[in-house]
Amino acid sequence: MSFSTKVKEELAKRNDLPRHCRIAEIAAIAAFCGNTEEGRLFFKSENISVINALKELIGKTFGRLFETEDGKRLDLDMDTSDNILMSIKWKKAGDDEPKKIFSSGLILKNDCCKRAFLKGAFLCSGSVNDPNGAYHLEIVCKTKEDADRICEMMKGFDLDVKSIERKGNTVVYLKEGANITDALNIFGAYVSQMDFYNVMILKDMRNDVNRKVNCETANLNKTVETAVKQIKDIEFIKETTGLEALNDKLKSVAVLRIDYPEASLRDLGEMLDPPLGKSGVNHRLKTISEFADNLRSAKGINLQKT
């Protein structure tokens, strides 16, 4: 079962809202899943959870019973649905377009009703990616008018919402994980919100560990490369002029670097008598490398090949 399906199943089971919020949710489902046909109002969805939720919602709110077809459609005689039609403003389109239902301003007067409306819209036309992948939540709207209404509501809850045209529809979407967890809370999917949030925490922890490991690996590689170069320089001096060409301070560091190729600068400094700090050891090794480079230049040796 996908994460999106789990969210919708959780939302479909929540029918504990007050009556005015249930009306707002019904209005949203009507707007996104509703249509008219031969004098009947019907609701259709491929998601059985949406149909079952709608049956309970309208039954509990208006005391109406519905006929079902293949478990994916609910029918209601429009003549017997006065209470619903008083709460929903109709906008009829042409025969080749789906008939649209828009909620009235009265239905969305309170924030709690806006939350319920967003819940219904998500149930019908929304989806959310598994948090283990890319963060993405969207609601597909058939018209820009619907999308603008959804965006306005979401922005009212401080969500960073955006919209885009896709295949003749306007898609309202959220990208950031924090935005999506807030949206799930607004819809009322509290369990899914915590599941999403827990995955976010684990991903952030893994990413933080990976960044630190990558940084330490890069630093280690740089240290190894530097040590290899230092040893090559010392070996070159030893074979060309002998380490006696170096003064006592440089020679003592050169001998330690050859004897302890894996030692850190701090460790090398502690082996000296008297001990020397990390920066002091680094300065002496740089001086040795400069001496080796000067020898190569004098002999006309290509530094790239050594």
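The values are calculated or read from the model by the stated rules, or taken from the named source; none is laboratory data. What you see is a predicted model; the values in this text were computed from it and never measured. Note: ideal-geometry Cβ built from the backbone for every residue, glycine included; neighbour counts use all protein chains shown.
What the table below lists for this structure:
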| quantity | calculated |
| --- | --- |
| From 233, 182, residue being under 30 Å from residue 293 (Cβ atoms) and surrounded by 13 or more Cβ atoms within 10 Å (Cβ to Cβ) | 233 |
| Cross-chain or 6+ apart pairs with Cβ under 8 Å, the range 266-293 first and on the phi > 0 side of the Ramachandran plot and not assigned by TED's automatic domain parsing to the domain that holds residue 227, then acidic (Asp, Glu) and part of a helix (DSSP H, G or I) | none |
| Failed item in (1) under 22 Å from residue 11 (Cα atoms); (2) modelled with pLDDT of 80 or more, with residue 143 passing the rest | (1) |
| Residue among 181, 170, 143 that alone is β-branched (Val, Ile, Thr), more than 30 Å from residue 260 (Cα to Cα), over 24 Å from the mean Cα position of the chain (by Cα) and in the same structural domain as residue 118 (by TED's automatic domain parsing) | 143 |
| The range 126-148: number of residues that are crowded, with 19+ Cβ neighbours inside 10 Å and among the polar types (S, T, N, Q) | 0 |
| Boolean, residue 195 is surrounded by 17 or more Cβ atoms within 10 Å (Cβ to Cβ) and of a type in the set (Asp, Glu) | yes |
| Search result, residues across the range 101-120 that are modelled with pLDDT of 80 or more and under 24 Å from residue 49 (Cβ atoms) | 112, 113, 114, 115, 116, 117, 118, 119, 120 |
| Residue count, the range 117-136 (criterion: over 20 Å from residue 14 (Cα atoms) and of a type outside the set (Phe, Trp, Tyr)) | 7 |
| Residue check, residue 262 in contact with a helix residue (DSSP H, G or I) (Cβ under 8 Å, 6 or more places away or on another chain), free of Cβ contacts under 8 Å to residues at least 12 places away in the same chain and surrounded by fewer than 12 Cβ atoms within 10 Å (Cβ to Cβ) | no |
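Each row is one residue, and each column tells you yes or no for (1) at pLDDT 90 or above; (2) over 30 Å from residue 132 (Cα atoms); (3) part of a helix (DSSP H, G or I); (4) of a type outside the set (Asp, Glu).
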{"position": "192", "(1), (2), (3), (4)": "yes, no, yes, yes"}
{"position": "208", "(1), (2), (3), (4)": "no, no, yes, no"}
{"position": "218", "(1), (2), (3), (4)": "no, no, yes, yes"}
{"position": "224", "(1), (2), (3), (4)": "no, yes, yes, yes"}
{"position": "232", "(1), (2), (3), (4)": "yes, yes, yes, yes"}
{"position": "258", "(1), (2), (3), (4)": "no, yes, yes, yes"}
{"position": "266", "(1), (2), (3), (4)": "no, yes, yes, yes"}
{"position": "284", "(1), (2), (3), (4)": "yes, yes, yes, yes"}
{"position": "296", "(1), (2), (3), (4)": "no, yes, yes, yes"}
